[in-house]
Amino acid sequence: MKTSDLYVTRISSVTKVAAILGLIILVVLIAAPYWAGRADMRLMGEIFLYLALACLWNLMAGYAGLVSVGQQAYVGFGGYMLFALTMFAGLHPVGAIVVAGVLGAIIAVPVALLIFRLRGAYFAIGTWVIAEVFRLSFAQISALGGGSGSSLPVDIVRSLAESRDGREHLSYWLALASAVIVLAAVYFFLRSRNGLALTAIRDNELAAGSLGIDIWRTKFIVYIVTSALTAMIGALIFLQKLRISPDAAFSVNDWTAFVIFIVVIGGIGTIEGPIIGTLIFFLLRETLADLGTVYLMVLGVVAIAIMLKAPNGVWGLIRARFDLEMFPLSYRVKTKKSAKND
């Protein structure tokens, strides 16, 4: 075989099929308000929001090595910014979601400068402490309900749409759009120059630094981007709930523990992992939620079993066995003959 017969590419027949199936599924999901029931749309909207949170946490922990247990800080911050901007600044809820993301990025800068001084377990604990500071701070703001929380005024809710169906359809489409935007943002970020640096850092941080990659700057960018998008997702979450309180907004269980579970069982450090993990999580939740505390025990058993039997998650197991990749990130060497077969 001649060297001229070889070439490097990211595209394969699997990624082509995955792209086509993805577009078909997206079209079907966009049309969901016309074929799905109200309860189904609420469930799917929740799935999309958790998928977005899982993708962002995976980008930060799985690629940048920033294992945070305090991302609920930005979920709650985004939710409270939605309420504050709509109630006191008169912004439309959709515009407030965007502004919440910008404010999330701004507040993340001093937070990053502080906690980036920590390493390993100390970093993780530091993120949780920051989240608690956020929770206690917002609990003191009486204008937003203090410790008991607040509800969105009726006129703000009606500004989304006059009818209840219209509001629920818009909330569903916003949740779907958030998942698509986050997936696309993560994918294109990983294909960019910064993404290449991030992949190098994930594989070997010491070697990446010796090659001239600015490790601190790359991680800083990832932290700011994920914090901004997480704040926007938080605003969307509480736009759907229409009520917010410090305990609900900054719940480590709801917005961090479950998200970590999703990423770990799906496959950390992959785009496909959070998708599979989200589907597994909601399948377990919808099947076992009526069992009360037993449901949480089952989640723990599943997480331990997967970490022991498949340390790279379900998708890691599938990829190792069948050499599959749904999102074309890795480079592959192919022959011109195999390209014709594809």
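If you go through region 233-257 and keep only what is buried (at least 22 other Cβ atoms within 10 Å of the Cβ) and assigned to a helix (DSSP H, G or I), you end up with Ile233, Gly234, Ala235, Leu236, Ile237, Phe238, Leu239, Pro246, Ala249, Trp255, Thr256. Every condition in (1) modelled with pLDDT of 95 or more; (2) surrounded by 15 or more Cβ atoms within 10 Å (Cβ to Cβ); (3) not charged (D, E, K, R) is met by Val109 except one, and the failing one is (2). Every test in (1) more than 22 Å from the chain's Cα centre (by Cα); (2) of a type in the set (A, V, I, L, M, F, W, C); (3) surrounded by 14 or more Cβ atoms within 10 Å (Cβ to Cβ) is passed by Ile20 save one, and that test is (3). If you check every pair at least six apart or on different chains, which have Cβ atoms under 9 Å apart with a residue in region 211-239 that is within 12 Å of Asn194 (Cα to Cα) and of a type in the set (S, T, N, Q) first and a residue that is modelled with pLDDT under 95 and not in a helix (DSSP H, G or I) second? The qualifying pairs are Thr218/Ala64. Cβ separations smaller than 6 Å between residues 6+ apart or across chains give no pair from region 27-46 residues that are touching a residue at least 24 places away in the same chain (Cβ under 8 Å) and surrounded by 12 or more Cβ atoms within 10 Å (Cβ to Cβ) to residues that are among the small types (Gly, Ala, Ser) and in a loop (DSSP other than H, G, I, E, B). Kindly indicate whether Ile224 is more than 13 Å from the chain's Cα centre (by Cα) and either buried (at least 17 other Cβ atoms within 10 Å of the Cβ) or part of a helix (DSSP H, G or I) (or both). The answer is yes for Ile224.
Criterion first (farther than 17 Å from Leu56 by Cα, of a type in the set (Gly, Ala, Ser) and without any contact (Cβ under 8 Å) to a residue 12 or more places away in the chain) does Gly95 satisfy it? Yes. Every condition in (1) open to solvent by 40 Å² or more (accessible area, probe 1.4 Å); (2) in contact (Cβ under 8 Å) with a residue 60 or more places away in the chain is met by Arg193 except one, and the failing one is (2).
Taking Val180 as the residue in question, decide whether it is touching a Cys at 6+ places or on another chain (Cβ under 7 Å) and in contact (Cβ under 8 Å) with a residue 40 or more places away in the chain. Steps first, answer last, please.
Working: touching a Cys at 6+ places or on another chain (Cβ under 7 Å): no; in contact (Cβ under 8 Å) with a residue 40 or more places away in the chain: yes.
Considered against the rule, which asks whether it is touching a Cys at 6+ places or on another chain (Cβ under 7 Å) and in contact (Cβ under 8 Å) with a residue 40 or more places away in the chain, Val180 comes out as no.
From the list Gly65, Gly90, Gly70, the lone residue that is of a type outside the set (Ser, Thr, Tyr), buried (at least 23 other Cβ atoms within 10 Å of the Cβ), at pLDDT below 95 and outside any helix (DSSP H, G or I) is Gly70. Arg202 meets all of the listed conditions (1) out of contact with any helix residue (DSSP H, G or I) (no Cβ under 6 Å at 6 or more places or on another chain); (2) open to solvent by 40 Å² or more (accessible area, probe 1.4 Å); (3) farther than 26 Å from Gly95 by Cα but one, namely (1). Considering region 121-145, the residues that are free of Cβ contacts under 8 Å to residues at least 12 places away in the same chain and over 21 Å from Ala231 (Cβ atoms) include one that is least open to solvent (accessible area, probe 1.4 Å), namely Ala121.
Leu317 satisfies every condition listed in (1) of a type outside the set (Val, Ile, Thr); (2) outside any helix (DSSP H, G or I); (3) open to solvent by 50 Å² or more (accessible area, probe 1.4 Å) except (2).
The values are calculated or read from the model by the stated rules, or taken from the named source; none is laboratory data. None of these values were measured; they are calculated from a predicted model. For neighbour counting, all protein chains shown are included, and Cβ atoms are generated from backbone atoms with ideal geometry for every residue, glycine included. Note: areas computed on protein heavy atoms with side chains; ligands, DNA, RNA excluded. Shrake-Rupley method; radii C 1.70, N 1.55, O 1.52, S 1.80 Å.
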